[in-house]
1. Classify the range A:103-189 as rounded, prolate or oblate, taking a ≥ b ≥ c as the square roots of the eigenvalues of its Cα gyration tensor: rounded when a/c is under 1.5, otherwise prolate if a/b is larger than b/c and oblate if not.
2. Which whole-angstrom value gives the distance between the alpha carbon centres of the range A:29-75 and the range B:121-179?
3. Hey, with R₀ at 30 Å, roughly what FRET efficiency would B:E235 and B:E320 work out to, going by the Cβ-Cβ distance, to 0.05?
4. So which GluC sites (Glu not before Pro) in the range B:34-84 are both in a DSSP loop and have at most 14 other Cβ atoms within 10 Å of their Cβ?
5. Counting other Cβ atoms within 10 Å, keep those with at most 16, restrict to DSSP loop, and tell me which chymotrypsin sites (Phe, Trp or Tyr not before Pro) in the range A:56-150 are left.
6. Given the options A:D177, A:D62, A:D108, state which has the largest fluctuation in a GNM of chain A using a 10 Å cut-off (strictly under) for Cα springs.
7. Name the shape class, rounded, prolate or oblate, that the alpha-carbon gyration tensor gives for the range A:50-282, where a ≥ b ≥ c are the square roots of its eigenvalues, rounded holds for a/c under 1.5, and otherwise prolate holds if a/b is larger than b/c and oblate otherwise.
8. Among B:Q155, B:Q345, B:Q93, whose mean-square fluctuation peaks in a Gaussian network model of chain B (Cα, cutoff 10 Å)?
Amino acid sequence: MQFISTSPRLANVSEPLTVRFLLLGLTLVYLLAMLVLPLGVIFVEAFRKGYETYAASLLTDDSIAAIQLTLLVTAIAVPANIIFGLAASWSIAKYQFKGKSFLITLIDLPFSVSPVVAGLIYVLMFGAQGYLGPYLQAHHIQIIFAVPGVVLATIFLTFPFVARQLIPLMQAQGNDDEEAALSLGAGGLRTFFSVTLPNVRWALLYGVLLCNARAMGEFGAVSIVSGHIRGKTNTMPLHVEILYNEYNFVAAFAVASLLAFLALVTLCLKTALEWRYSGELAVSRGH
Amino acid sequence: MASVGVNDKSAPIRIEVKDLRKSFGAFAALDGVSFTVQPGELLALLGPSGSGKTTLLRAIAGLSPAEEGTIHFNDEEATTLSLRERRVGFVFQHYALFRHMTVFDNIAFGLRVRPRRERPAESEITQRARRLLEFVQLGGLEKRFPAQLSGGQRQRVALARALAIEPNLLLLDEPFGALDAKVRKELRAWLKDVHRETGLTTLFVTHDQEEALELADRVVIMRNGRIEQIGTPSEVYEEPATHFVCEFLGNVSKFDCTIRDGEAEVAGSLFPVSEDNGLNGPGVAYVRPHEFEIVIDEHGEGLPATVKSVRPFGPTVSVELELAGREGPIEIAVPRELIGLGDVQPHRTVHIRATAARIFAAG
């Protein structure tokens, strides 16, 4: 009898069943309409004229150049931000200095600034009419409307990802492990590679994935600094836009499907990581 | 316990600390600390938090150097040595085990990171790590990760890891701070064994006076970055040098008194003084719970007091009393056979007398 008397009380803590179904249903419908269907449309449109057309539109010189450029930019931006992220989080977590919270805010800047503004900043700095323009021209260095500009803009927009993952984790872990290694006679480099890095490896990988996804997909800032030169400064997102504006829908969706596919792979890896190392990651996102 | 065989080669070292100073901003964490640790001694650094005991330990280890002063290991100036050269076995409060390494790899770490010409062969490293695991009674757990161990086991791994480098001395920061009471008691006895077995000069930091008094050969009591007193457990307990030491080492009742010719007068009652230090005039007297007597006679000598509670558990009976004109109760411990429980009941008025008191000048 006691069992029966406790169960209604338990149910009373939560909402009635109908409300729960309603909330869940609303969420699902919303996700379906806003996320899943549009994503599906990309693949449907891409394959509308068959697999061969799909392959052909991916294999044009311009598309291949765009894919190559995207991979190149990512291959530079991600390692650069790994190094920056490690350096920044190390100094923030392990040292005491004035202006630390300001530095943390500064690292978040790319999250709050519109990518278009970020692009314009670079044009203003390195463009022909920009502050460093005359100097760069005199030395025949082109940054804006060239690959270096695209790389710079991408680095700017992606640099918080690794640092943001590492800072809270390193702060939570403190210095003890490093000090233990040093007192056991390990040198600085040895300590870094066999103690510090393994301690943050999953958070680092997670940050790299997020950084990678953003680096490949960045549009706004890159659009401003690249100049949309086909085969030269077009990344995949820019190429999609050009194809679309030319009413070449199948090709546009084909390239877009490749981007979407890369995003889905990232998402799967991210979920796998979260599932496997939830404990360690929770620390790094606990704020 | 089998011999570890790791520290047979060298005799234990003497540590000499001279006028150590270190400050964090305006806060003086170490304010001129000098003392000597004898070879093979087990020394406790005892004090409340913020007293500088951990700062002192870290300075000796070389983890955060002092700003002024010298530290000698035997006749060698340690402040100029690198961490590796100091060879200090340091056990961290939260153990700081490498979480991604097995117990075995943790213990072997200090040997594997040695420069090639000093590094033992891998077979010898394995052998030595095995021996240490046996020594800390963790044989068979070498493949575990730190997360799979209990607190007490982690502590043992941390100690084995520190011993693996054949340290010159062993330093432990609050070694039992993170453990529950039962494990703490076990490990206390065990640490004493380890010290006897290794013969290492050993320093440990604690804020638990019972731990310090029970374990250490000598105790260094610290307060505000200074040493208040150094002595054997019975010295600091029986003959506290300052009233801080007296109060810090546990249960004691404090009375305002007038000191006259080797006796302390407290509200008309005379307390005999355990050690006449030539003081006269106003002062404070400290009496420990077992240094009181209860007089049942209502018109007897001594201070009148009202019984608040009686806890008749164990060999001594603990009685809480309230004194007129005094804030807070005082606690008295009386041997069971000396007390008629029928007479000492809550709300009864009795008289109390001190058999000994420690006196200090007022202030």
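1. prolate
2. Here the answer is 56 Å between Cα centres.
3. That pair, B:E235 with B:E320, gives E of 0.55.
4. Numbers: sites: B:E41, B:E67, B:E68, B:E76, B:E77; in loops: B:E41, B:E67.
The qualifying sites are B:E67.
5. On the way: sites: A:F84, A:W90, A:Y95, A:F97, A:F102, A:F111, A:Y122, A:F126, A:Y131, A:Y135, A:F145; in loops: A:Y95, A:F97, A:Y131, A:F145.
Answer by residue number: A:Y95, A:F97, A:Y131.
6. Result for chain A, Cα springs under 10 Å: A:D177 fluctuates most.
7. Values: a/c = 2.57, a/b = 1.53, b/c = 1.68.
Oblate, since a/c reaches 1.5 and b/c is not below a/b.
8. Residue with maximal mean-square fluctuation among B:Q155, B:Q345, B:Q93: B:Q345.
The values are calculated or read from the model by the stated rules, or taken from the named source; none is laboratory data. Everything numeric in this text was worked out from a predicted model, so none of it was measured. With ideal geometry, Cβ positions are generated from the backbone for all residues, glycine too; neighbour counts draw on all protein chains shown. We work out accessible area using only protein heavy atoms, side chains counted, and drop any ligands, DNA or RNA first. Shrake-Rupley method; radii C 1.70, N 1.55, O 1.52, S 1.80 Å.
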